[in-house]
Amino acid sequence: MTKLKVKLKRGLAGKNKKIIKIINALGLKKTGDVKVFEKNKAIEGMIKKVFYMVDVTEEN
């Protein structure tokens, strides 16, 4: 199954609470944090909401 590597590229200061909750649900806390997830609709939806704050790469 395809995996997504998600890296937080922008800080959380001054962001909407909803955005902060999504980033925390992804397990990202500080700028530069990286997490790997199985590709599914739930993760893709979260990434769409915060696309401007994260870098996403696909891995096999």
Counting only residues that are in contact (Cβ under 8 Å) with a residue 24 or more places away in the chain and surrounded by fewer than 11 Cβ atoms within 10 Å (Cβ to Cβ), how many does region 23-35 have?
1
Exactly one of (1) more than 9 Å from the chain's Cα centre (by Cα); (2) assigned to a loop (DSSP other than H, G, I, E, B); (3) surrounded by 12 or more Cβ atoms within 10 Å (Cβ to Cβ) is unmet by ILE20. Its number?
(2)
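May I ask you to list the residues in region 27-44 that are more than 14 Å from ARG10 (Cα to Cα) and not acidic (Asp, Glu)?
Initial filter on region 27-44 (more than 14 Å from ARG10 (Cα to Cα)): 27, 35-44.
GLY27, LYS35, VAL36, PHE37, LYS39, ASN40, LYS41, ALA42, ILE43, listed by residue number.
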Tell me which residues, restricted to region 2-17, are assigned to a loop (DSSP other than H, G, I, E, B) and either of a type in the set (Ser, Thr, Tyr) or at negative phi (or both).
THR2, LYS9, ARG10, GLY11, LEU12, ALA13, LYS15, ASN16
Go through (1) more than 9 Å from the chain's Cα centre (by Cα); (2) in contact (Cβ under 8 Å) with a residue 12 or more places away in the chain; (3) at negative phi and name the single condition ASN40 misses.
(2)
Do you know which residues across region 23-49 are of a type outside the set (Lys, Arg), part of a loop (DSSP other than H, G, I, E, B) and farther than 19 Å from GLU59 by Cα?
THR31
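Here, each number is a calculation from the coordinates, and none is a lab measurement. It should be emphasised that the depicted structure is a prediction, and the values quoted were computed from it without experimental measurement. With ideal geometry, Cβ positions are generated from the backbone for all residues, glycine too; neighbour counts draw on all protein chains shown.
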